[in-house]
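Worksheet for the structure shown next.
Since every read-out is calculated from the coordinates, none of them should be taken as a lab result. These figures come from a predicted structure and were not determined experimentally. Virtual Cβ from ideal backbone geometry, glycine too; neighbours counted across all protein chains shown.
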Amino acid sequence: MSEPTESTDPVKLSRFTYRQLQGLRHGSTATPLRVIAHIDLDAFYAQCEMVRLGTPRETPLAVRQWDSLIAVNYAARPFGITRFINIAEARRLCPDLVLQHVATFREGEGGRWAYRDDSYKKINTDKVCLDPYRAQSRKILQTIKEALATWNDDDNGDNTQTPKQEVTVGLEKASIDEVFIDLSPLVYKALLQRYPELRAGTQDENRDAELPIPPTTALQWDRDCLIDLDKIETEEDDPDWDDVGMLIGSEIVRWVRKAVWEKLSYTCSAGLARNKMIAKLGSACNKPNLQTVVRNRAVQDFLGGYKFTQIRMLGGKLGDHITAAFGTEKVSELLNVSLEQLRTRLDEHTASWLYGIIRGDDRSEVNPRTQIKSMLSAKSFRPSISSIDQAEKWLRIFAADIYGRLVEEGVLENRRRPRVITLHHRGSQSRSRQIPIPGSNVINEDLLYDLANTLLRQVVADGQTWPCSNLSLSVSSFEDGVSNNKAIEGFLVRGDQAKALTRSSRPRDTDTAQGGHLPNDKRRKLDSDGARIDQFFANPVHSEDTETGEQGTSQQPEMDAEPNGIPRFTCLRCSKSMPEYEKEEHDDWHFAKDLAIQDREEAKVSQPTPPTKSSTRGATARGRGGRGGGGRSKTEKGQMRLAFQ
Ligand code: DCP
Ligand code: MG
């Protein structure tokens, strides 16, 4: 009798391994199963005004700042209204357009901002205030966190056997109206709940064994916009776990967007992909109010249609250099350039990074703590101001403006606080004065104002103060407060805690951390490659992005490489590329930097031995009769020293 023969049909397996599945759980940046979302509010400032004023959504509305438009709602866009036309043109194109000027501070009215009917003609006495938009941004972020905490909370499958798991979700606020979310751990949890067969192998020795194939052959993508698959793939090809993970991710994002809409009446668009770079490109593809999924099998064709200068990090000097070196801006053409060829024109590290990035390989992590290094509030005076009384009125405004941003940075909860305050003054000469912010004091508007006033008196005592054409106040040298590391962090979501969170959901404007916050250092170390390349580009392209003058969004880093056609400006002095609206404040930054150099030169004269790092600030401050730069010289983690410190 012959033995029964085993079936020779090969068992079809997934392309992915147990190790890669496990990578999801720990937020690994290397696993191809990663699910990253980028959420961007639609016409953000315009929606803020629509919500505030109760304007129907079909009413065309634009937000103006002096004679420019800075946000245009989607009802106004079909009329041809864009940010790049002026008010007269906008009125001509759409006579019914609601034009709302941004809120302003006003000289002589203290630190109170208000919406005023005549702001548009008061550029000399008013200063833009973005506090209302920041407050909305905080509420939205809070709602997003709460929605993430409650997603799938009751859908625990075999609830009786599975203990509630803690899930850490990384969330990075990338600008006033956009966040990145690393959904991987939530997706991991859902995969294991929905597909128990995935649990079997997780305890096995051989983590490099392939996973079983997903049981589903057709995935229901609901209303999502799917980017077409690469030419070699077809929709009939069976989905693998990366597709299933992306589908779960899109369920989560839909839930989050629904919460933002239902609780706060804001629409937003989203992109889902395996990394930040592709997710961000995806979210801009189908605006407004839609989410776009770029599956792994669609990445190559998707990216091929872009100019690489539209990709994060490639918008500035490096992008220009690559364009010049290889004679093209197109991803599709750069794909034909081999790694060896890239190496002939770029350093080893950049060449490898670029080679990967145009193939959709971006391992940068969703970084919950993008540290703000300084804040600046400035005003250029035309005509110049010429009295201490006028200057004091502006110091009131700067103090209020900076305080508003410090609140957002966690100063109320003592999460972070600046240690140094600096006044910059431009008259017949330019100079700056700085003093430490006493650590014992609670930081509030009055303290900032008093310190600024002390600095003003020093400037005035030096003489030649008037006329003054530009005044600005900045705070810098941030340090973590007592509740160390509890800022906008990856946050811990427990089932019960999450429920409590929803119950306690409140309409207050605070950004108080919810749930237990965890430091993310461990994960950050794992992604050392991503970090290194980020640092490469952060210096000098991004290192100075943390100051704001008239416009506030630049306080958040990574506003580069906008795929939406905002005109850009490249600084002739430092080659930094930035949205055009940041030009003025960037000029101010150079101004402050020049002053610092000037100060250092003066300090060298008064102290001929080469200053050590720590003595430089002391010497500078002593040279000015100050008390030193806050008593601590070590640059804290995640910070760069500002030149004018
Ligand atoms: N912003 C600005 N000046 C610019 C660009 C933007 O003041 N040149 C402000 C107003 C925007 C907000 O930042 O509402 C967010 O910028 P986005 O680029 O996300 O643009 P919107 O949210 O307005 O529109 P979209 O729907 O394209 O995201
Ligand atoms: Mg937006």
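Annotation for the range 1-101: GluC sites (Glu not before Pro) lying in DSSP loop with at most 16 further Cβ atoms inside 10 Å of their Cβ are 6, 58. Annotation: amide H of residue 229 has no partner in the under-5 Å range at sequence separation 5 or more or interchain, hydrogens built in the peptide plane.
Note on the range 1-124: with charges restricted to the Cβ of Lys and Arg (+1) and Asp and Glu (-1), its dipole about the Cα centre is near 360 debye. Placing +1 on the Cβ of every Lys and Arg and -1 on the Cβ of every Asp and Glu, with no other charges, gives the range 11-304 a dipole of roughly 1180 debye about its Cα centre.
Looking at the range 392-473 from every direction and averaging, what is the projected area of its Cα convex hull in nm²? Taking a quarter of the hull surface, the average projection is 5.1 nm². For the peptides 405-414, 323-332, residues were scored by their other Cβ atoms within 10 Å and the scores averaged per peptide; the highest-first order is 405-414, 323-332.
Taking 0.36 nm per residue of separation and subtracting the Cα-Cα distance, what length does fully extending residue 442 through residue 112 add?
Here the segment from residue 442 to residue 112 would lengthen by 116.8 nm.
Annotation: amide H of residue 574 has no partner in the under-5 Å range at sequence separation 5 or more or interchain, hydrogens built in the peptide plane. Exposure proxy for 251, 340, 365: other Cβ atoms within 10 Å of each Cβ, ordered fewest to most, give 340, 251, 365. Relative intensity of the range 11-304 on a log10 scale, I(q)/I(0) at q = 0.08, 0.10, 0.14, 0.15 Å⁻¹, equals -0.44, -0.63, -1.01, -1.11, per a Debye sum over C-alpha point scatterers of equal strength in the absence of solvent. When both the range 290-361 and the range 429-449 are represented by their alpha-carbon centers, they are found 45 Å apart.
Taking amide H positions as modeled 1.01 Å from N, with prolines and chain starts lacking one, the residues under 5 Å from residue 170 and 5 or more places away or on another chain are 182.
Legend: residue pairs 287/307; 173/287; 189/258; 263/287; 145/280; 139/379, Cα-Cα distance threshold 31 Å; every pair lies within threshold.
Between residue 454 and residue 264, the C-beta separation translates, for a Förster distance of 51 Å, into a calculated FRET efficiency of about 0.80. Phi angles of the range 56-73 translate, via the Karplus equation with coefficients 6.51, -1.76, 1.60 and θ = phi - 60°, into HN-Hα couplings of x, 5, 7, 7, x, 9, 9, 9, 10, 10, 6, 9, 10, 9, 10, 8, 10, 6 Hz per residue; Gly and Pro are given as x.
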